[in-house]
Structures are given as structure tokens and as C-alpha cells.
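The values are calculated or read from the model by the stated rules, or taken from the named source; none is laboratory data. Computed from a predicted structure; not experimentally measured. No Cβ is skipped: glycine too gets one built from the backbone with ideal geometry, and neighbour counts run over all protein chains shown. Areas reflect the complete protein model, heavy atoms only, side chains present, ligands, DNA and RNA absent. Shrake-Rupley method; radii C 1.70, N 1.55, O 1.52, S 1.80 Å.
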Amino acid sequence: MKALILSGGKGTRLRPITYTSAKQLVPIANKPILFFGLEAMRDAGIVDVGIVVGDTADEVKKAVGDGSDLGLKVQYIQQEAPLGLAHAVKVSQDFIGDDSFVMYLGDNLLKNGITNFVN
């Protein structure tokens, strides 16, 4: 199983906070919210993670790197504009291949992670 994390939105509804940072990197309890999702993937046994990025790709790549610090293998997938969830899956087809996958919004926080859903 693979994970597809969407991290391409502009965060316009969170302005002025997101004028200077990607919304997925806004800290919650001193950690970027995106990292809670990445850790949830790892804790559910998912290692291969594709992060769909947009205008803030450089910031996200700098923060996450190759994912090895979290025990993950991260691949970045560029989306030319935030054109919706289905479009994010479409541009990720090469990454997903024929594998099953879970899609996670990079600015969400699920209290108990996703392990139960994956199982």
C-alpha cells in the first residue's frame, strides 16, 4: 500500500498566517501539521509516500526531505494548480501504479491516525 498526501493548496483561507509559510507547515504543538500525517502513514505500516505539491513545493521539500528521518520513502509529485482531489490522483498515477493507496489531506490531523482505516 502507498500513501498519497495532498500538500498543494495555497492556504488562502488561513491568511495572514500563510503569507509566509505553506499551510501544511503551520505548526501545531510545535510540529508542522504535515508531519502528523507523515507519522500516521509510518505508524500504519506505509513506507512509500507521494506528496502532491504546488506553489510551495520548495518549502515542503526542504522540511520533509527524502523522508528517511521519519522512516519513509518520499516522492514529490508536482501539480500545476490546485485543481481538486481527483486531479491530484490523476497526476499521481505513475507513483500509484497498480497499488492500493490511501489519500490524506496534508493539512488535516486525525487524533488516532489511520491505522484502523488501513487495516
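A few remarks follow.
- All positions within the range 38-59 that are more than 20 Å from N116 (Cβ to Cβ) and under 9 Å from the mean Cα position of the chain (by Cα): G50, I51, V52, V53
- Candidate set from the range 109-119 (those that are touching a strand residue (DSSP E or B) at 6+ places or on another chain (Cβ under 9 Å) and open to solvent by less than 80 Å² (accessible area, probe 1.4 Å)); member that is nearest to S21 (Cα to Cα): L110
- Subset of the range 42-59 (residues that are in contact with a Leu (Cβ under 7 Å, 6 or more places away or on another chain) and either of a type in the set (A, V, I, L, M) or open to solvent by 20 Å² or more (accessible area, probe 1.4 Å) (or both)): R42, V47, V49, V52, E59
- Against the numbered list (1) modelled with pLDDT of 95 or more; (2) touching a Phe, Trp or Tyr at 6+ places or on another chain (Cβ under 7 Å), L109 comes up short only at (1).
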